[in-house]
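Undergrad: Pasting a structure below so you can have a look.
What follows draws every value from the coordinates through simple rules; no lab data is involved. Note that the structure is a prediction, hence the values are computed from the model and not measured. All Cβ positions, glycine included, derive from the backbone under ideal geometry; neighbour counts span all protein chains shown.
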Amino acid sequence: MNLNLLISALRARWRLIVLVLGVTVLAALVASLLMPKSYKATASLLVDANKDSQQSLSPTDYYAQPRERINYMQTQMGIITSSKVAQAVVRDLKLAEDPKTREAFAKQSGHNGTLEEWLAAGLLQSLKVETSQSNIINIGVTANDPVHAARVANAFAQTYIDTTLELRVVPTRQAAAWFDEQLKALRTNLEEAQARLSQYQKQHGIVSVDEKSDIETMRLNDLAAQVMRAQEQQRGRGPGGGSPERLASVQSSPMVQKLTADLAAGESKLVELSAQYGPNYPAYQRQVEENNALRERLRVEMGKAGAMADGQRQQMRNREAELRKALAEQHARVLELKQGRNELAVLQRNLETAQKAYETASTRAVVNQVESRASQTNIAMLDGASAPNRPVRPRLVLNLALAAAIGTLLGLGLAAVLELLDRRVRSASDLANDWNVPLLGTLNAQRPAAYALLGPVGRVPALPKPG
């Protein structure tokens, strides 16, 4: 069947096509008028994704990662369509208290859940959540009653905000309670560490771990310097009485020097007297006696000076021995204090660790306490749902347009099928077949022939007259 034949068949069966089209449009009109009307109410929410993710991502990083934003928005849509939010809406609107609803639920068979779960499932079926490239989420609810649809849409929006706040606040409250318990234990550890450090300082007399500022270390250094000076004073001195140091010490005595000078003067005078008068002269004899007395006094004074020098040397040896003993004792004391400082350093580190742990936990506890008292979220109601004036279903114009298109297709299809089942000659080309049937003429109702096939019309009859 070519295109010309199809057009001829459709032109011949146009009444059937119009009939099918009319029946289809009429059926769609009746169905649209009989179909219950459905109204859709939409509430719009603005989600500030940057505020919610400010601890993990900066605003620049967040917008630089569209996948993260899409995942976040999908998560929020999942929260809205969750059973938790739907059941909260049922409780807020008190839908379960309606006697008709209870009666309808009682007639349901095969439902194992509660009435709230059944109502929540019905609300989720009428719920449609949409979002675009922006941070706006649209919550649409379809119902037979426009006022009810608006109430449910607003209830879903408000419940979603409350649920988001609850999901954020409840964990922080639990964390705040946990941190409070941990703070008590950390405070106890800190107090115990402070008590151990104070007690150790009192018992050992150590107040600092710095050796440079310690008095005992300074005393050790002073004793070491004194021992070195004593060693320098004793260096080169032997134990005998005839040592040069002892002789120098005796000669340095003022009395010995005076007696030596007097004896030298008496010897000079004795030499003069011997030259003038001789040894038997009384003045010479007196001078000899005076010189002998001076020698005896000089010997006694030199003995005293030597004994004094020996005493000083022994005193210096004793002083050096005392200094060495004190140095050894002080060295042992410093070693003991050094070990004590090591223990003190351990106690101080334990105290610092306990202090840092307590301060960190205290800071986190304050943050969680502040967040647990939060009353705002990163979600705000942009546009509340209002009762729609026009229903979204049935769409009369759309239904009629679809019915016209479907009716036309059905009519065309039915005409084509009937033409295939009831084959008729529609044009001269239909006679072009293998038998070569001769074509005598073509009758065209739309354009009648100007002249008859057998001559002018009215002049030659087609058949002879009877009789």
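Undergrad: Expressed in nm to one decimal, what extension gain is obtained for the pair residue 121 and residue 224 from 0.36 nm per residue of sequence separation less their Cα-Cα distance? Let's see the in-between values first.
TA: Working: separation 103, 0.36 × 103 = 37.08 nm, distance 9.33 nm.
Fully extending the segment from residue 121 to residue 224 adds 27.8 nm.
Undergrad: For the stretch 96-151, just say rounded, prolate or oblate: build the C-alpha gyration tensor, square-root its eigenvalues into a ≥ b ≥ c, call rounded for a/c under 1.5, and beyond that prolate if a/b exceeds b/c, oblate if not.
TA: Details: a/c = 3.51, a/b = 2.03, b/c = 1.73.
Taking the square roots of the gyration eigenvalues as a ≥ b ≥ c, the stretch 96-151 is prolate.
Undergrad: Sticking with the crude label model, points 7 Å out along Cα→Cβ, report the distance from residue 74 to residue 342 in nm, one decimal please.
TA: So the label points at residue 74 and residue 342 sit 6.1 nm apart.
Undergrad: Same structure, new question: Apply 1/(1 + (r/R0)^6) to the Cβ-Cβ distance of residue 353 and residue 324, taking R0 = 41 Å, and write down the FRET efficiency to the nearest 0.05. Spell out each step's value before the answer.
TA: On the way: r = 43 Å, r/R0 = 1.06.
The value I calculate is 0.40.
Undergrad: Can I ask one more? Taking 0.36 nm per residue of sequence separation and subtracting the Cα-Cα distance, how much length would be gained by fully extending the chain between residue 410 and residue 81, in nm to one decimal?
TA: Values: separation 329, 0.36 × 329 = 118.44 nm, distance 4.10 nm.
Gain in length upon complete extension: 114.3 nm.
Undergrad: Here is a follow-up. Please give, to one decimal in nm, the separation of the simple spin-label points placed at residue 104 and residue 23, each 7 Å out from Cα toward the Cβ.
TA: 3.6
Undergrad: In nm, what is the difference between 0.36 nm times the number of residues separating residue 147 and residue 170 and their Cα-Cα distance? Before the final figure, lay out the partial values.
TA: Working: separation 23, 0.36 × 23 = 8.28 nm, distance 3.35 nm.
In short, 4.9 nm is gained.
Undergrad: Another question, then. Quick one: order 179, 156 by neighbouring beta-carbon count within 10 Å, fewest to most. Please report the intermediate quantities before stating the final value.
TA: Numbers: 179 20, 156 27.
Lowest to highest Cβ neighbour count: 179, 156.
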